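Here is the structure we will look at, set down as structure tokens.
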Amino acid sequence: MSKLSTKHLLGIKNITPEDIQLIFQTADNFKEVINRPIKKVPSLRDVTIANIFFENSTRTKLSFELAEKRLSADVVNFSASSSSVKKGETLVDTVNNILAMKVDMVVMRHPNPGAHVHLARHVDCSIVNAGDGAHEHPTQALLDAYSLREKLGELKGKKVLIVGDILHSRVALSNIFCLQKLGAEVAVCGPATLIPRHLASLGVKVLLDLKEALRWADVANMLRIQLERQDIEYFPSLREYSMQYGLTRALLEEVGKKDLVIMHPGPINRGVEITSDLADSEYSIILNQVENGVAIRMAVLYLLAGQAKTA
Amino acid sequence: MKGRTLLDHTALSYTLDRLAYEVYEQHLDFSNLAIVSLQPRGVAVGEHIVKKLAELTDGEKILHGKLDVTFYRDDFRRREEVLVPSSTDMEFSVEGKEIILVDDVLYTGRTVRSGLDALLDFGRPKHVELLVLIDRRFSRELPVQPDYTGRMVDVVSDERVKVEWSEDNSNNRVTLYSADQ
């Protein structure tokens, strides 16, 4: 018997290493469930969950929805493009209206960092952050660390490199918090313009040369260049970025890394941050990440829902 | 912590052996039978039964699954803490099989109810029987009765019956603890 230290999953920053281990332990059981012929358990049959997405998403939304359905929860979906938000309703009002229809939990993606923290102060239900701007994406970090643990064992002392657009990446920040809480060393690599100032104050190594960085790393997590968030030009051209920071087989052979683990949170821009051939290679655990995503989200929803006592 | 011993090591191993003989007598053919133990505490009982049956049948391989019922319980969101599950290990389909569900203590019957639900997610068994080491009568909350019973015990509701397995299997016992112990 155990419980999380929090009522919401707002970010990895707010949870403890014990919480992370509890989520992993629970996810192990859900991974077994989703590999059964009948991939469904009745645990959350009296729970209704609203997926509120103020920003586009395919993978995360689908993954949450599958996780919810495999726990037998009732699911309602809501996307901002077709909602009253366009008519000027505030976030708190929107969510309170949804809760008035007897919804128990909210999974939300929002373009503004901290939107979830604000919401958690004003509404009475568990909130799961499915991404807030360039701030955090906790379930992605959890499934990344879980997939790595599956591949490499305990993460203590492992060296994880995050490559690419660190400045606009919520995946990078949540990964840094999560990996450090599990005892791993983290470095980032990318064009200097795409690395936030003061990042080193989090205890992260900052490397500008990909070759040098790869020699150091056990794991490379390749991020996508988020052109949709870039309001100015951070580097001359995608082609130049790809030549300097794209991962290729030739580069791996040059630095002599035969056992590097390659990750990617998706969606991949094949031929930019990673070559098509490497993305599908024996180095890659990209599809394991996607499978584990459902198990991790089931674990998070199960643990949070279980804490809300109804009778 | 000292309780009253209900079954000492010798008595317990006789009881387990007798349960295995009863299963053997009832079935004779084990080709379509599987033992399914409820996690976590039914597993040790299940292992003893499977081992004894293997002896009786000259080493016939008897399927043994371990089933966790946490996700099927009826008290989710009704207790202070979340129950953390044990692992499920069911390497076979139960479709058309004769199943013997195994647990250590039968009390309210709610765990067995969850176990039946969990079991049906692995297929439609031909029939299901229930084997328990200890049956606490007069405390049932659901209409569940065992087919094979090790020992019937009458205790008041705030007492606890605990089956304890020593690590080297040399001092197993069943003990009754009162509420303040």
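Read the figures in this text as sums done on the coordinates, not as results from a lab. Here the structure is a predicted model, which means the values were calculated and not measured. Using ideal geometry, Cβ is built from the backbone for each residue, glycine included, and neighbour counts are taken over all protein chains shown.
Kindly give the semi-axes, whole Å and largest first, of the ellipsoid equivalent to the range B:10-155, taking each as the square root of 5 times a Cα gyration tensor eigenvalue.
The equivalent ellipsoid of the range B:10-155 has semi-axes of 24, 19, 13 Å.
Using alpha carbons only, how many angstrom separate the centre of the range B:112-141 from the centre of the range B:164-181?
Spelled out, the Cα-based centre of one part sits 24 Å from the other.
Using the 10 angstrom Cβ neighbour count as an exposure proxy, how do B:113, A:45 rank, fewest first?
A:45, B:113
Over the whole of B:72-81, what's the average partner chain Cβ count within 10 Å per residue? Rounded to a whole number, please. Working shown, then result.
Details: counts 3, 2, 1, 1, 10, 12, 4, 4, 5, 6.
Going residue by residue through B:72-81 and averaging, the value is 5.
Which of A:62, A:173 comes first, and how do the rest follow, when ranked by fewest Cβ neighbours within 10 Å?
Lowest count first: A:62, A:173.
Evaluated at 20 °C with a viscosity of 1.002 mPa s, what Stokes-Einstein diffusion coefficient in µm²/s does the range A:138-287 have when Rh comes from the Kirkwood expression over alpha-carbon pairs?
141 µm²/s
Looking at chain B, identify the longest residue range that excludes and avoids all chymotrypsin sites (Phe, Trp or Tyr not before Pro) in DSSP loops having at most 15 other Cβ atoms within 10 Å.
Values: sites that count: B:92, B:138.
Longest gap between qualifying sites, sites excluded: B:1-91.
Rank the residues A:135, B:127, B:27 as a footprinting-exposure proxy: fewest other Cβ atoms within 10 Å of their Cβ go first.
B:127, B:27, A:135
Rounded, prolate or oblate: which fits the range B:88-170 when a ≥ b ≥ c are the square roots of the eigenvalues of the alpha-carbon gyration tensor, with rounded for a/c under 1.5 and prolate only if a/b beats b/c?
Judged from the Cα gyration tensor, the range B:88-170 comes out oblate (a/c at least 1.5, b/c at or above a/b).
Of A:298, A:261, B:169, whose Cα points farthest to the positive end of the dipole of the protein assembly as shown (charges on the beta-carbon: +1 Lys, Arg; -1 Asp, Glu; origin at the Cα centre)?
Farthest towards the positive pole: A:298.
Find the centroid of the Cα atoms in the range B:48-88 and in the range A:36-113, then give the distance between the two in whole Å.
Answer, in whole Å: 34.
Sticking with the crude label model, points 7 Å out along Cα→Cβ, report the distance from residue A:230 to residue A:93 in nm, one decimal please.
Placing both labels 7 Å along Cα→Cβ, they lie 3.8 nm apart.
Have a look at A:237, A:285, A:199 and report the one farthest towards the positive end of the charge dipole of the range A:193-285, computed about the Cα centre with Cβ charges (Lys/Arg +1, Asp/Glu -1).
Looking along the dipole axis, the top candidate is A:199.
So what is the relative contact order for the range B:10-155, in percent, with contacts set as C-alpha pairs under 8 Å and at least six apart? Intermediate results must be reported in sequence, preceding the final value.
Working: 270 pairs, mean separation 36.1, N = 146.
Taking the mean separation of contacting Cα pairs over the length of the range B:10-155, I get 25 percent.
In the range B:69-143, which GluC sites (Glu not before Pro) are in a loop and have at most 11 other Cβ atoms within 10 Å, using DSSP for the loop call?
Numbers: sites: B:80, B:81, B:91, B:95, B:98, B:129, B:141; in loops: B:80, B:81, B:91, B:95, B:141.
Of the GluC sites (Glu not before Pro), the ones in loops of the range B:69-143 whose Cβ has at most 11 other Cβ atoms within 10 Å are B:80, B:81, B:91, B:95, B:141.
Where does helix A:138-152 land angle-wise versus the long Cα axis of chain A, in degrees 0 to 90, nearest 10?
60 degrees
Once the Cα atoms of helix A:286-307 and of chain A are each reduced to a long axis, what angle between those two axes, in degrees from 0 to 90 to the nearest 10, is obtained?
The two axes meet at around 30 degrees.
Exceeding 23 Å between C-alpha atoms, which entries from my cross-link table qualify? They are A:13/A:211; A:39/B:66; B:61/B:162; A:31/A:102. Mind showing how you got there, number by number?
Details: A:13/A:211 30 Å; A:39/B:66 17 Å; B:61/B:162 30 Å; A:31/A:102 30 Å.
Going by Cα-Cα distance, A:13/A:211; B:61/B:162; A:31/A:102 fall outside the 23 Å limit.
To the nearest 20 Debye, how big is the dipole of the range A:1-85 about its Cα centre, given +1 on the beta carbon of each Lys and Arg and -1 on that of each Asp and Glu? Each step should come with its number before you reach the end.
Values: 12 positive and 9 negative charges, 40 e Å.
Charge dipole of the range A:1-85: 200 debye, to the nearest 20.
What does the helix-only formula give at 222 nm for chain A: each DSSP H stretch with n ≥ 4 adding -39500 (n - 2.57), the total divided by the residues, and the result rounded to the nearest 500 deg cm²/dmol?
Value at 222 nm, helices only: -12000 deg cm²/dmol.
Give me the number: length gained by fully extending residue B:156 to residue B:89, i.e. 0.36 nm times residue separation minus the C-alpha to C-alpha distance, one decimal in nm.
20.7 nm
Using the Kirkwood formula over every pair of different C-alpha atoms, what hydrodynamic radius in Å results for chain A?
This gives a value of 20.0 Å.
How big is the dipole moment of the protein assembly as shown about its Cα centre under a simple scheme where the beta carbon of each Lys and Arg is +1, that of each Asp and Glu is -1, and everything else is neutral? Debye, nearest 20, please.
Computed charge dipole of the protein assembly as shown: roughly 1100 debye.
Calculate, in nm to one decimal, what residue A:255 and residue A:36 gain on full extension: separation in residues at 0.36 nm each, minus their alpha carbon distance.
Full extension of this stretch gives 74.7 nm more.
Using alpha carbons only, how many degrees (0 to 90, rounded to 10) separate the axis of helix A:91-100 from the longest principal axis of chain A?
That works out to roughly 50 degrees.
Report for chain A the percent antiparallel among DSSP-assigned beta bridges with both residues inside it, nearest 5.
Antiparallel bridges make up about 5 percent of those DSSP assigns within chain A.
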